[in-house]
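Everything on this sheet refers to the single structure shown next.
The values are calculated or read from the model by the stated rules, or taken from the named source; none is laboratory data. Predicted, not measured: the structure shown is a model, and the values here were computed from it. In this analysis, Cβ positions are derived from the backbone assuming ideal geometry, glycine residues included, and neighbour counts consider all displayed protein chains.
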Amino acid sequence: MDDMYARMAQMSMAGDDSLMHMALQGNMYMLQDEMEELTEEKDMLAEQVQDLESDVAIAKSRADALQMEVNRLGKISHAHKTHIKSLQRNLEEKKEQLRYYGVY
């Protein structure tokens, strides 16, 4: 790139503006093409970002639903444990009653 600018400077000093104009025009087209490619790449990346944001939102929603289910199951588990303890106490009371009456 630096060589091209040096050649254009030499042509300009030599008074050959038509060659310099053609070189600048070629440079402009090359830069426009590069800009179009970069714009397309930017648009593709923007779409990918949108897709990833959507995926993150879906994953967060699923995680929230799973956490709610874990909480629900935890409450059920606690209720079952409490019920089992209550049944064990009742069983022990019944055993005591049977011992009292000499049956057990």
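A quick yes/no check of all residues on (1) of a type in the set (S, T, N, Q); (2) more than 23 Å from the chain's Cα centre (by Cα); (3) assigned to a helix (DSSP H, G or I):
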position	(1), (2), (3)
GLU41	no, no, yes
SER54	yes, no, yes
ALA57	no, no, yes
ALA63	no, no, yes
SER77	yes, yes, yes
HIS80	no, yes, yes
LEU87	no, yes, yes
LEU98	no, yes, yes
GLY102	no, yes, no
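Taken together, the residues in segment 4-40 that are of a type outside the set (A, V, I, L, M), loosely packed, with under 10 Cβ neighbours inside 10 Å and at pLDDT below 70 amount to 1. Note down all Cβ pairs under 9 Å where the first residue falls in segment 77-104 and is at negative phi and exposed (fewer than 10 other Cβ atoms within 10 Å of the Cβ), the second is at pLDDT 90 or above and of a type outside the set (D, E, K, R), and they're at least six residues apart or on different chains. That search, which allows pairs on different chains as well, returns VAL103/GLN97. Residues that are under 25 Å from the mean Cα position of the chain (by Cα), of a type in the set (S, T, N, Q) and part of a helix (DSSP H, G or I) are absent from segment 29-36.
Return the residues of segment 85-104 that are modelled with pLDDT of 95 or more and of a type in the set (A, V, I, L, M); say none if nothing qualifies. Answer for segment 85-104, where residues must be modelled with pLDDT of 95 or more and of a type in the set (A, V, I, L, M): LEU87, LEU91.
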